[in-house]
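Reviewing the structure listed below.
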């Protein structure tokens, strides 16, 4: 299965959708960072609604993430890049994604103006809308599902407020998943995402230490500003653009044994077990499966090489058991 299973139409407004052949749509509104199980529940309801209304399922989202604008002094790491979010939405059957720019002026709109700005467009008929039952919008979050219900009646479209998805007694949310990933609780993150947490990036050239000194070539992943698990060594998988899947040893951190040779503070380095070839310029999805050990400084390349050999043996066993469990 390739990284990109299908493509979805990307648009900057509902009006621009009309120029792409869309006329009657059902819309889900939200940020959709991570496209986790809660989002997937919403998307499934959207698809059911769209099918019943003879409409195309469309997601209306925002960029940047509203928290970057509303809370600029509280840095936020996203679960997925914008490109990967689009690919995941396509995977779950969304025909188009409309991305509206989220600005301070946009955030200050009263709820009724917000709805008119987002949803009123010539050439596009909205047949239905799906949102989270606790969704808030407009200035100071004064708009809610009741506000939207009144709007839906006056504009003659269906409204489906979807209750939050719970797992193990807790609500599945992007915030909860970020907390799990940053805390190294990978199994919890996997359960809430419905897949393993991963980062996508292009393979770039590094300091060549792993190849020349350690005889263990790694792909240096140039990742966007997304959340990573704590520094350390992980068992994982690397998925190529063509769908090839390889067991992988993944290092996250500063490479303290060779810190003076590195140019970047935090690195993601992925060694594909059994792979021989040139990965430079390729895009990889690197999945995190299990933490193996903490990152630490070794006294010599030989000592580090011996540790890496132990790591790879352990990772190979973990990968084999996980691939059997996955049915691969």
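Every listed requirement among (1) surrounded by fewer than 18 Cβ atoms within 10 Å (Cβ to Cβ); (2) modelled with pLDDT of 85 or more is met by residue 327 save one, (2).
Of all residue pairs spaced 6 or more apart or on separate chains, those with beta-carbon atoms under 9 Å, a first member in segment 163-186 that is not assigned by TED's automatic domain parsing to the domain that holds residue 132 and a second member that is in a strand (DSSP E or B) and exposed (fewer than 14 other Cβ atoms within 10 Å of the Cβ) are 172/166; 176/170. Among residues of segment 266-285 that are surrounded by 12 or more Cβ atoms within 10 Å (Cβ to Cβ), those with a Cβ under 6 angstrom from a residue that is modelled with pLDDT of 90 or more and part of a loop (DSSP other than H, G, I, E, B), sequence gap 6+ or separate chain, pair up as 283/241. Can you find even one residue in segment 27-39 that is in contact (Cβ under 8 Å) with a residue 60 or more places away in the chain and surrounded by fewer than 16 Cβ atoms within 10 Å (Cβ to Cβ)? Within segment 27-39, not a single residue is in contact (Cβ under 8 Å) with a residue 60 or more places away in the chain and surrounded by fewer than 16 Cβ atoms within 10 Å (Cβ to Cβ).
Residues to consider are 115, 167, 193; find the one that is in contact with a strand residue (DSSP E or B) (Cβ under 8 Å, 6 or more places away or on another chain) and either on the phi > 0 side of the Ramachandran plot or modelled with pLDDT of 95 or more (or both). Sole residue among the options that is in contact with a strand residue (DSSP E or B) (Cβ under 8 Å, 6 or more places away or on another chain) and either on the phi > 0 side of the Ramachandran plot or modelled with pLDDT of 95 or more (or both): 115.
If you check 279, 284, which single one turns out to be modelled with pLDDT of 90 or more, under 15 Å from residue 204 (Cα atoms) and in a loop (DSSP other than H, G, I, E, B)?
Details: 284 fails: in a loop (DSSP other than H, G, I, E, B).
Result of the check over 279, 284: 279.
Does residue 120 satisfy the criteria of being modelled with pLDDT under 95 and in the same structural domain as residue 38 (by TED's automatic domain parsing)? Criteria met by residue 120. All of (1) touching a helix residue (DSSP H, G or I) at 6+ places or on another chain (Cβ under 7 Å); (2) over 23 Å from residue 70 (Cα atoms) hold for residue 131 with one exception: (2).
Can you tell me which residue in segment 53-76 is nearest to the chain's Cα centre (by Cα), limited to those that are more than 23 Å from residue 138 (Cβ to Cβ) and in contact (Cβ under 8 Å) with a residue 12 or more places away in the chain? Once the filter is applied, the top-ranked residue is 57. Of all the numbered requirements in (1) in contact (Cβ under 8 Å) with a residue 60 or more places away in the chain; (2) under 22 Å from residue 47 (Cβ atoms); (3) in a loop (DSSP other than H, G, I, E, B), residue 134 misses one, and that requirement is (1).
Does segment 91-107 include one or more residues that are surrounded by 23 or more Cβ atoms within 10 Å (Cβ to Cβ), closer than 16 Å to residue 124 by Cβ and either outside the structural domain of residue 122 (by TED's automatic domain parsing) or more than 18 Å from the chain's Cα centre (by Cα) (or both)? No: segment 91-107 contains no residue that is surrounded by 23 or more Cβ atoms within 10 Å (Cβ to Cβ), closer than 16 Å to residue 124 by Cβ and either outside the structural domain of residue 122 (by TED's automatic domain parsing) or more than 18 Å from the chain's Cα centre (by Cα) (or both).
The values are calculated or read from the model by the stated rules, or taken from the named source; none is laboratory data. All figures in this text were calculated on a predicted structure; none of them were measured in a lab. When we count neighbours, we look across all protein chains shown, and the Cβ atoms used for this are built from the backbone with ideal geometry, even at glycine.
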